[in-house]
C-alpha cells in the first residue's frame, strides 16, 4: 500500500502523467511553524537543471498545500501537498504493450492487469519522489529543532569516486558546507563525474551511481529493536526511491571481510557524552541510534531509459520486438537524487522518535 | 514496535534470558495443513552445532504452539509459537552498566532508561531470530504451494568467497541440492571457510560474513510500487536480523559502476512466459517481481562478543573501563544465520501477495 | 490518526475553511470502472438544500480527482479526491477563545494547543463527511457488483418516529424505492418531521435524530471475529461522523430486556441458502455476517449551533461569558446525514472482505 | 485481524478449547512497575463464581507472563500473557455441522471453510475476553498514575434497572466504593436482578443486560478527531466483546428526542478548570475528551446457549434439525462482563493518549 510509518503516517498518491502527485503527512506535532521557503529550496535541489545529465522535462515542482497549516503553523490535520503535472507529453511512450527493459512496465502490466497508467512510468516514475522530498523537507525542520543535521554527497559516478565520510568525525559544519547542487567531499571529483555524465548523455546511455548520507547530532535511543530498527526504516524508504538497489550502513558489505577485533567500536566519554573511537557501526547498534553519526550508502541502477535499440516482447503476441526509446530523462540520477536519499533518512528519523 | 506486515501481521515478543521468545503470525489462510516436521527441520538448521564457530549454548529450540492450529490445519486464529528459554546463565554478563562495544547495550540503556533486560542481549539477542525462523518456515510452506523455492548459500567468510548465483539461471533444483548445514555453490570454499572460523574462535575473535539468497518460481506481479516494494519489504526484515548491516538486490552496489546499456535486462518470450536474458535487476522492477529469480545479498558484521580486552565506559560514573567478556557465542553468524535470511525473504514474499 | 482500514486504507485530510477537504482511498482493485455520475448523485444527497432545516451555506461539493483513475478505471494508485472550499466566511466565529458549548472547540483547544483551525469547526466540521461520502459512494459500487444494496431511512426526528425495518425481510427493492431526499418506510411521518425541523429552525434551535440503515444481499463470512468485527468496523466509522453518539445492531439496547429463548434466531434452509426466521442479530454473529440483512441504527445529537444565548468561559481569562452564535447550519442533521451513515456501512463492508 | 491500536498494539490469540488464550501488549512505556496482584484481582472479577447465573466451568484464569517484565518493571518488549486452558471438555458440542442459533457457528463455518475450532465457540468464546481483561488491568494502572478512575455498574437485567450515573457529578470515590462482585448505584436492585438470573438459569434460559461505565479524572484533549475518536475507539473495543450489540455515549439514543437548547452542555470555570454544568456529551466533544466524566453504556444480547429445543439446519445436508444444547454457561453475562467493559474503556483511553 501507499502508507508508511508508526509515529507518523505518510501517504503518497498520483502518477507521472495524471493530474499530479502528492502526499499526506499525518501525526506532526501541532503548533510547529513550517519554513515554506526552506521546503522550496529543497524542492529546488530536486528540480531538473540546465546541467549535464539532467532531464529536459520542465516540471512544475511548485507545491500546493491542501491541508495541515493554519496561519503558518501545523494545525493537527494531515499536511497534504499536491504537485500538479504541467508539462506531460502523453505521446512519449506510444507502445505500452512493449515493455521497456528494466522498467516496471512488465511487472506492472501483470500486477495491475493492464490498468495502470503507463504514461511516463505512471506510479513508478521518479516524479513520485517529489512528495517524498516535500515530506523529507518537513521532517528535516523537526530534526533541525533537535539539533540534527542531515547531508549527503555523491560517492560514485561513472567509475569516479569521492572519498568517504570520516564516520566518527563528520560534522554538521561539514554537511552544511556542501555545494547544494553537486555536493562532494573532494571537489576535484566533480569535473570527471560531470564529464562522465555528459559522455553518457551524448551516447544516449546512462550511468549508475552511489550516494553517501550522514545524520549528525542524533540523540542516542532512537529507533526500535527489531522490525522498525533504524536500518529497517531507512532502508525501506530508500528502497522505495526508484532506482535504489543497494543500501549499507557503517562499514556495510566491508564487514564481511572484517574481524570483531577490528570492527568493534570502543567507547569513551567526552564532555559528559558517551562516544565511540571508531564508527564502523554507522551510528546504529541493535537498530537504535547510539549518538554517533548515522552513515548510510545507497546505489542507484543506471536509468533504464536509453537510446540504444533494445530487445523486448510484445505482451499481446509474445513476439520479439526491437525497442528504441525517445524521451527526456536524466543520464544519471545523481546529484539530483541526493535530496531523495536525504528525505528518506529524515523521514525515518522523524518516525523513529525524533 | 514489534508487529510487521500488511497482508499478514507478524508480532514477536520475548527476550534472550526471560521466560522465552515467541511470535504470533496472523492472517494465514485457514485450512492450510502445516508440516510441523518441516518446521522442525528449519529450526534445526538454526540450532547451535558441534561445529567450528558455533555457540556452545544449548537452547531448547523446540516450539510450543499456543494457538492457530486445529487438527493440523490453520484455523483462522493467529499462529502463536513459543520457545521457552531453558539454559540461561544469568551471571554471564555481570556488569550491565559497562556497555559492550558494538552491542546494543548502550543504545538500549538510553532508550529504555535502564529497564530493558540486559541478560544475554535481551531483546537484541540473536535468539530473537528463532520466532522469525519459525514464521519463515511457515511462510515457506505457503510459497511451496505456489511453486516458489527459496535457498541461500554462504557467499563470504574470512576473506574466502563462494561464487555468485547465475542470476538468470539459478533453479529450484540447484537450491534444493544445497547441503543444509553449509550450503555453497562451490564446495571447495567450505574447508578454508571453516578453517577461518576455527581460527577466529581459537583466537577469541569473530568474523563478518555475507550471504546470498535466491527465490525462484515467483510469479510476476508480487509486491507494491512504493513503500512496500519487494526490496523495501525484504530489506526491512533483513535489517531486523541482528548483525545485518548491508543489503543489495541484483547487481546491487555494482550498478554504481555500470551503464544502462550494460545493466538493462532485455526481454524475450519462452514457453509462453516473458523472461529476461540477463537478471541484473534481481527479479524486481519498480518494486514488483518480474518473474525472474529474486536475488538478494546481505552482509553481517562480526559478532561483537570477543575475548579481547575492549574499551568501554561506566555509564554511572562515565569513567573509562576495560572490558573482558566471557560467553558462549558463535565466532561467525554464518552458516547458521542463512536460515534467518531465507526466513526474511519468505515472509516478505508471503506478505507481498503470495 | 486520519487513516482507517485493513484491506483498504482511507486517509482523510483538510478542514472546513481551509483550502478544502479530501481523501485518499487505497487498496481498490485495479481495473474497476467507476461510475462518476453515481458518485455525483450521492454527493448530491449530502448537499445542502433549499428545504426546511438545511444549511444556507453554499458549498462546492464538486469533486476533483487527483489520482487513482486512468481512462475511467481504477489504476492501482490511491483514489484521491479533493473538494475545494469555495464559500467560506471566516468571520463567522470571531471569538475562538470562547468555546461553543458541545462543540469540539474546547477539547481541540487543549489537544492542539490553540493551533487548530477554529473556522467553521475546522477538522471537526460536518464538511469532513464529504470525503467519507465520496469514499462510501466508491465502496457502494464495489458492493453493488457483489449484489449488495445499502439503504437507510430517517427513524426519528423531533419526537416523530418512522416504523422500523422488518429485519428478516427487508429487501433491495425496498431500499431502492426510497425517496432519495427524505427516505421513510412510512411516508406519513415526513410532514410532521419537516414541521418539527422547520419549527426548530424558526426558533433558532436544533433537533436530535436517529437513522436506521440496512445492507441486504451480503454473503455470509464477512468481517473478523474480534477487534475488526463488523460491529466494531461499522461503529468506529459511524462514531467518526460528527454528531453520532449511539449505535446499535439488530435488537440493540432492547436485547437488555429479552430472554435467550426470545432473542435467538433459529435457522432454516431455503433455495439452498441458510437463513434465520427472525433477525434480532442484525445479520451479524460473532462479528461476522451471517447472510441476513445487516441492521444498524445510529442517533445524532442535536446540532450544537443554536441561536439562544449560551454560557461559556473565556479560555484566556477563565471568566464567564455569554455566547450568541450566528451561522448557517442545519437545524437537523437528517435527512442529509443519512448518506454519511450509509457511507460508513459501505466502507466497513468493503474493508470487511467484500 | 487480531491487532488493535495506534499508540500501543494489542494482539490477541488462542481459542476456547485449544492450548489457551493470550495477548501481546506492545508500546508500553518501559520502567513502569506493574502491580501483579491488582491484575489478579481484576481477573478474579471475571472468574466464574459460585453464584446465581454463573457458569460452572472451572477455568484457570491464572496468567503466565511470557514476556515484557524484568524485575517487575516493563522492559520495552511486548507484555505477553498466556492463559492455559485446563478444564475443557471437548465433547460438549458434538455436532459442529449443526450451527447453534445466534452463535457464530454458521458465520465462522463459511468464513473459515469449516477449519475453525468449533469447540466451546473457539475464537468466538467469551474466554477471549480473558486477555482483554488482562490488558485492561494493565492499562488501568497506567491510567491510575494519571489520576483516572474507571468503574461500571449493572444497569439492567431481566427488566430490573439500576439508576444512571449522574453524568456531571460521578466521582472516583463513588466508583471505588462499588461492590466488586455486583456493582450497583442502588443496591436494592441486586436482589430482584439475582432472582431474575436464577429464574432464567432454572428455566434453562438466559437474559440480556446492560452496563454503564464511567471514567473520571480524564484530562481534556485525549483522542482523535475522526477515525480514532474516543467514541470510535471505545466502541470498536466494546463491540469486540462477545455479546455486545449496542453502545451509546452520554445521552446516547435519547439525543434523538432532544433539542439543542436542552442538550448543549454550557461551560463554567471552577478552581482553574473548565467544566460543564450538564454532561449530556458524556465527556467527549468532537471525538476528544473534554475533561468531564466519560459515560458509556453497552447492551449485551442474552447468552445464546439455552436449554430449549431450537431450530437449526444441517450444513452438510441443508436438512432441518432440532437442537438441544447442554453446556456450562452463564445465564447472564453481567455482572461478570462488567470487567470486560471496563477493560475496553481503559485500553481505548491508554491508546487515546494517556
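None of the figures in this text is laboratory data; all of them are computed from the coordinates on show. Keep in mind it's a predicted model, so treat the numbers as computed, not measured. All Cβ positions, even for glycine, are placed from backbone atoms using ideal geometry, and neighbour counts span all protein chains on display.
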Problem set entry | 7 Å along Cα→Cβ, label-point gaps from residue B:113 to other copies, nm, shortest first | 2.1, 4.8, 5.2
For this session: With a/c under 1.5 counting as rounded, go ahead and sort segment B:84-172 into rounded, prolate or oblate using the C-alpha gyration tensor (a ≥ b ≥ c being the square roots of the eigenvalues; past the cut-off, prolate if a/b is larger than b/c, else oblate).
Result: prolate
Exercise. So what is the relative contact order for segment B:165-276, in percent, with contacts set as C-alpha pairs under 8 Å and at least six apart?
Worked result: 18 percent
For this session: Take the rotation relating chain B to chain D, measure from its axis to every Cβ in chain B, and name the nearest residue with the distance in whole Å.
Result: B:11, 2
Seminar exercise, completed: Across A:299-308, the residue-averaged tally of Cβ atoms belonging to other chains within 10 Å stands at 6
Exercise. Between copies, how far does the label point of residue D:62 sit from its twins, in nm, shortest first, when each point is 7 Å from Cα along Cα→Cβ?
Worked result: 2.2, 7.2, 7.3
Problem set entry | For chain D, calculated [θ]222 nm from helices alone, where every DSSP H run of n ≥ 4 adds -39500 (n - 2.57) | -6500 deg cm²/dmol
Problem set entry | Test item: B:292-298 mean partner chain Cβ contacts at 10 Å | 1
For this session: Starting from a label point 7 Å past Cα on the Cβ side, list the distances from residue D:164 to the same position in the other copies, nm, shortest first.
Result: 2.0, 7.0, 7.2
For this session: Arrange B:258, D:292 by Cβ neighbour counts within 10 Å, fewest through most, would you?
Result: B:258, D:292
Exercise. For the pair residue C:29 and residue C:62, what calculated FRET efficiency results from E = 1/(1 + (r/R0)^6), where r is the Cβ-Cβ distance and R0 = 22 Å, to the nearest 0.05?
Worked result: 0.25
Exercise. What list do you get for B:95, B:103 if you sort them by fewest beta carbons within 10 Å?
Worked result: B:95, B:103
Exercise. Expressed as an acute angle from 0 to 90° and rounded to the nearest 10, what is the orientation of the C-alpha long axis of helix A:129-145 relative to the principal long axis of chain A?
Worked result: 10 degrees
For this session: With springs connecting C-alpha atoms under 10 Å apart, model chain B as a Gaussian network and identify which of B:278, B:11, B:317 has the largest mean-square fluctuation.
Result: B:317
Exercise. Relative contact order (percent) for segment C:220-335, with alpha-carbon contacts under 8 angstrom and 6 or more residues of separation?
Worked result: 27 percent
For this session: State, as an integer percentage, the relative contact order of chain A based on alpha-carbon contacts under 8 Å between residues 6 or more apart.
Result: 23 percent
For this session: Enter the mean number of other protein chain beta carbons within 10 Å of the beta carbon of each residue in B:313-326, as an integer.
Result: 2
Seminar exercise, completed: Relative to chain A, whose Cα atoms define the longest principal axis, helix A:338-351 and its Cα axis are tilted in degrees, nearest 10, by 50 degrees
Exercise. GNM on chain B, C-alpha springs below 10 Å: top fluctuator among B:242, B:192, B:180?
Worked result: B:192
For this session: Treating the angle as unsigned and between 0 and 90°, give the value, to the nearest 10°, between the Cα long axis of helix D:190-202 and the longest Cα principal axis of chain D.
Result: 20 degrees
Exercise. Among C:17, B:153, C:277, which comes first, then next, by fewest other beta-carbon atoms within 10 Å?
Worked result: C:277, C:17, B:153
Problem set entry | Global size of the protein assembly as shown as Cα Rg and Dmax, reported in angstrom | 31.4, 94
Exercise. For chain C, modelled as a GNM with alpha-carbon contacts under 10 angstrom, which of C:108, C:24, C:177 fluctuates the most?
Worked result: C:177
For this session: State, to one decimal in nm, how far the label point of residue C:169 lies from the label point of residue D:269, with both points 7 Å from Cα in the Cβ direction.
Result: 6.1 nm
Problem set entry | Cα gyration tensor shape for segment B:93-247, rounded if a/c is under 1.5, else prolate or oblate | oblate
Seminar exercise, completed: So for segment C:208-309, using the alpha carbon gyration tensor with a ≥ b ≥ c as root eigenvalues (a/c under 1.5 gives rounded; past that, a/b versus b/c decides prolate or oblate), I'd call it prolate
